[in-house]
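First the structure, in the form of structure tokens, and then the observations on it.
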Amino acid sequence: MGLWLIPRPSKPCSTRLFVQVGLAMSILLKLLEGGCSSQVPNSIASNELLVALRKADMRVEFKQVFDKLRENKGVEMDNWGYNICIHAFGCWGDLGTSLSLYKEMKDSNLESVGPDLPTYNSLIHVLCLVGKVNDALTVWEELKGSGHEPDAITYRILIQGCCKSYRIDEATNIFSQMQLNGYIPDTIVYNSLLDGLFKARKVNDGCHLFEKMVQNGVRVSTWTYNILVDGLFKNGRAEAAYTLFCDLKKKGQFVDGVTYSIVVLQHCKEGLLEKALGLVEEMERRGFAVDLVTISSLLIGLYKEGRWDWTDKLMKHIREGNLVPSVLKWKADMEASMKTPQSSRKDYTQLFPSKGDFSEIMSLINSANSTMDADLDSEDARVKDDDKNVSTDTDQWSSSPYMDQLANQLKPIDHSSQLFSFSRGQRVQDKGEGSFDIDMVNTFLSLFLAKGKLSLACKLFEIFSDLGENPVSYTYNSMMSSFVKKGYFNEAWGVLNEMGEKVCPTDIATYNVIIQGLGKMGRADLASCVLDKLMKQGGYLDVVMYNTLINALGKASRIDEVNKLFEQMKSSGINPDVVTFNTLIEVHSKAGRLKDAYKFLKMMLDAGCSPNHVTDTTLDFLGKEIEKMRYQKASMVRNKDDFR
DNA sequence: ATAGGGTTAG
């Protein structure tokens with residue numbers, strides 16, 4: 001008892017819910033034990049409980065009930081039960097269990113048990129969640145030809161999966177198919193696609209979709225406007241975004257705490273701290289919660305401008321709740337811990353045992369290799385399976401042979417095949433005072449790192465590791481990124497190593513840092529190697545990844561590859577942004593391809609992408625190069641004249 | 001179920 005009464009910090013769930021779910025669970029377990037006379041729970045009761053446990057993110061308890069049910073004392077799992085479990089295990093990253101449950105459903109002797117459309121929807125969802133969007137799409141294709149009609153849920157899951165993995169053209173395509181098949185996309189589907197378009201830097205398409213949404217009479221929500229405001233800001237349309245924000249405020253609708261948070265962040269980024277604080281005061285006045293995310297933006301803004309004294313102002317503004325006081329207390333505690341020289345380790349270089357040179361990267365590449373080989377093996381297996389099906393002609397008809405194949409090729413414990421998932425770090429609300437909350441650690445880490453205070457960052461890392469807190473991928477990524485920036489490659493690979501040992505899920509940012517590191521080490525060859533494997537495994541590239549790669553290749557004077565990658569970027573449905581263009585202009589200027597550099601400048605302006613201060617410095621350089629070139633040409637002409 | 005912070009360019 002008591003185990004499930006401890007609230008999981010990841011979701012803002014009420015303690016009451018935990019108590020209720022916990023009670024329900026203890027009753028059900030009692031019934032299953034046969035401890036309560038002859039009462040036997042039915043499947044509906046257990047399914048309801050499983051759903052509740054999943055929603056409350058109570059993994060351990062879910063597994064407990066699941067295991068009990070599987071001991072097969074009285075309750076048979078029905079289709080609904082299977083579908084709930086497939087979905088739940090997938091949500092928690094356990095693709096293996098989901099797939100074996102599917103297999104079990106197929107092999108079941110019970111007439112009433114077998115995969116149905118909800119099963120396939122769950123499986124497709126799970127594949128998308130663990131980042132295997134290619135597999136999800138294959139299953140979907142097979143499903144369409146097997147007599148199963150995809151429903152609105154199938155379409156929603158696929159569109160969301162494609163958007164999150166930057167397969168924006170696929171997403172748009174499925175969106176049209178959905179409408180052709182008579183389904184009217186709802187607010188959620190529109191919002192998902194809208195966000196995907198903005199994240200892929202397709203501002204015009206995004207705005208167009210929004211207009212279409214309004215024209216078609218689809219209900220727009222606060223989320224829609226938040227996506228729009230954020231999307232405009234991030235795509236260089238700050239003025240339009242701010243105007244929209246003000247209009248919405250005037251109308252007094254479609255504004256919430258997140259809307260303010262978005263605008264506050266942008267102000268902080270532009271160094272407009274007073275305006276940001278003014279907005280915080282306003283949101284407080286209007287009763288919107290100033291949460292940890294907003295406070296993080298403010299803290300980073302304040303610190304970058306060196307204005308710690310303004311935290312008093314923060315205190316004044318955010319009276320409600322004890323978030324600011326506890327954040328400040330957190331900061332004080334942290335600073336106190338940093339002063340005490342309890343460290344046995346002398347300096348940060350000893351923090352991460354550097355196991356040397358390229359071996360980690362090579363093993364990374366090798367592991368990518370082996371999973372690729374496994375895929376090839378399974379490809380063979382598939383061919384063989386097909387042969388078998390034809391020759392033996394058993395009644396092994398399946399809605400999705402590919403799904404069966406995925407389930408069959410499964411190893412008992414299969415974490416290796418997972419590339420990276422879309423799950424971001426867990427959000428911690430408020431663990432109480434004096435605790436080192438990972439989100440705060442991450443915020444302060446990036447503060448220190450941004451100021452180049454590596455040793456402070458390492459100290460913090462050390463303190464909270466010693467406290468037994470678990471770093472998340474973000475923590476590792478930002479540490480690695482800073483080491484790479486400073487040229488401490490061994491330390492960076494050390495972090496990568498530690499990350500692997502802690503089985504911390506890698507995300508796309510991890511790969512971004514690796515590529516960045518390889519580029520800085522002058523190993524663009526390895527960078528494109530990593531990229532290659534990534535693509536072959538069905539991984540995806542985001543805007544940052546393309547930009548990092550273009551930079552790495554450019555610095556290595558691999559201009560042809562740069563241009564190839566730029567084409568690939570566009571054809572895969574991702575629009576270049578300011579960073580892309582700035583990088584392209586710089587790289588081409590430095591390579592002496594001044595005409596090309598100019599071409600990209602023109603392309604940038606034509607695309608409606610406004611230059612920023614980085615563009616200015618790059619153009620200065622380009623201008624000087626052009627000047628030099630003219631001078632050289634002129635002197636060449638002079639020389640020729642002299643010769644005559 | 002869908003949105004906001006902390007990782008890319010000079």
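The values are calculated or read from the model by the stated rules, or taken from the named source; none is laboratory data. Here the structure is a predicted model, which means the values were calculated and not measured. No Cβ is skipped: glycine too gets one built from the backbone with ideal geometry, and neighbour counts run over all protein chains shown. Each accessible area value is taken on the protein alone, full model and side chains, heavy atoms only, with ligands, DNA and RNA left out. Shrake-Rupley method; radii C 1.70, N 1.55, O 1.52, S 1.80 Å.
Below, the figures for the structure above:
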{"read-out": "Matching residues in segment A:172-188 - criterion: being assigned to a helix (DSSP H, G or I) and near DNA strand B (Cβ under 8 Å from one of its atoms)", "value": "A:THR187, A:ILE188"}
{"read-out": "Flag for A:GLU586 being assigned to a helix (DSSP H, G or I), charged (D, E, K, R) and under 28 Å from the mean Cα position of the chain (by Cα)", "value": "no"}
{"read-out": "Of all residues making up segment A:603-626, the number that are of a type in the set (Asp, Glu) and touching a Pro at 6+ places or on another chain (Cβ under 9 Å)", "value": "0"}
{"read-out": "Within segment A:219-267, considering residues that are in a helix (DSSP H, G or I), within 24 Å of the chain's Cα centre (by Cα) and among the polar types (S, T, N, Q), the one surrounded by the fewest Cβ atoms within 10 Å (Cβ to Cβ)", "value": "A:THR222"}
{"read-out": "Cβ-Cβ under 7 Å pairs, at least 6 apart or on other chains, segment A:200-211 side closer than 12 Å to A:ALA607 by Cβ and assigned to a helix (DSSP H, G or I), far side basic (Lys, Arg) and open to solvent by 50 Å² or more (accessible area, probe 1.4 Å)", "value": "A:VAL203/A:ARG237"}
{"read-out": "Search result, residues across segment A:550-560 that are under 27 Å from the mean Cα position of the chain (by Cα), farther than 23 Å from A:ASP169 by Cα and not small (Gly, Ala, Ser)", "value": "A:ASN551, A:LEU553"}
{"read-out": "Residue within segment A:23-43 that is among the acidic types (Asp, Glu), surrounded by fewer than 22 Cβ atoms within 10 Å (Cβ to Cβ) and at pLDDT 85 or above present", "value": "no"}
{"read-out": "Residue among A:THR618, A:THR583, A:THR548 that alone is open to solvent by 10 Å² or more (accessible area, probe 1.4 Å) and either farther than 26 Å from A:TYR511 by Cα or more than 15 Å from DNA strand B (Cβ to nearest atom) (or both)", "value": "A:THR618"}
{"read-out": "Count - residues of segment A:291-315 that are more than 10 Å from DNA strand B (Cβ to nearest atom), part of a helix (DSSP H, G or I) and open to solvent by less than 70 Å² (accessible area, probe 1.4 Å)", "value": "6"}
{"read-out": "Given (1) in a helix (DSSP H, G or I); (2) aromatic (Phe, Trp, Tyr); (3) within 14 Å of DNA strand B (Cβ to nearest atom); (4) over 30 Å from A:GLY608 (Cα atoms), index of the condition A:PHE288 fails", "value": "(1)"}
{"read-out": "Matching option when the condition is within 11 Å of DNA strand B (Cβ to nearest atom), outside the structural domain of A:VAL579 (by TED's automatic domain parsing) and of a type in the set (A, V, I, L, M), among A:VAL203, A:VAL229, A:VAL214", "value": "A:VAL229"}
{"read-out": "Conditions (1) more than 13 Å from DNA strand B (Cβ to nearest atom); (2) touching a residue at least 12 places away in the same chain (Cβ under 8 Å); (3) closer than 30 Å to A:GLY452 by Cα: number failed by A:GLU281", "value": "(3)"}
{"read-out": "Residues (of a type outside the set (Val, Ile, Thr), open to solvent by less than 40 Å² (accessible area, probe 1.4 Å) and assigned to a helix (DSSP H, G or I)) located in segment A:148-157", "value": "A:TYR155"}
{"read-out": "Test set (1) open to solvent by less than 10 Å² (accessible area, probe 1.4 Å); (2) closer than 22 Å to A:LYS202 by Cα; (3) touching a Lys or Arg at 6+ places or on another chain (Cβ under 7 Å) - A:ASN575 fails condition number", "value": "(1)"}
{"read-out": "Residue count for segment A:489-536, restricted to those that are away from DNA strand B (no atom under 16 Å from the Cβ), open to solvent by less than 10 Å² (accessible area, probe 1.4 Å) and of a type in the set (Gly, Ala, Ser)", "value": "1"}
{"read-out": "Selection count, segment A:158-174, where residues are touching a residue at least 24 places away in the same chain (Cβ under 8 Å) and open to solvent by less than 10 Å² (accessible area, probe 1.4 Å)", "value": "7"}
{"read-out": "Where A:GLU284 falls short, out of the listed (1) in contact with an Asp or Glu (Cβ under 9 Å, 6 or more places away or on another chain); (2) at pLDDT 85 or above; (3) exposed (fewer than 15 other Cβ atoms within 10 Å of the Cβ)", "value": "(3)"}
{"read-out": "Odd one out for A:GLU76 among (1) surrounded by fewer than 16 Cβ atoms within 10 Å (Cβ to Cβ); (2) in contact with an Asp or Glu (Cβ under 6 Å, 6 or more places away or on another chain)", "value": "(2)"}
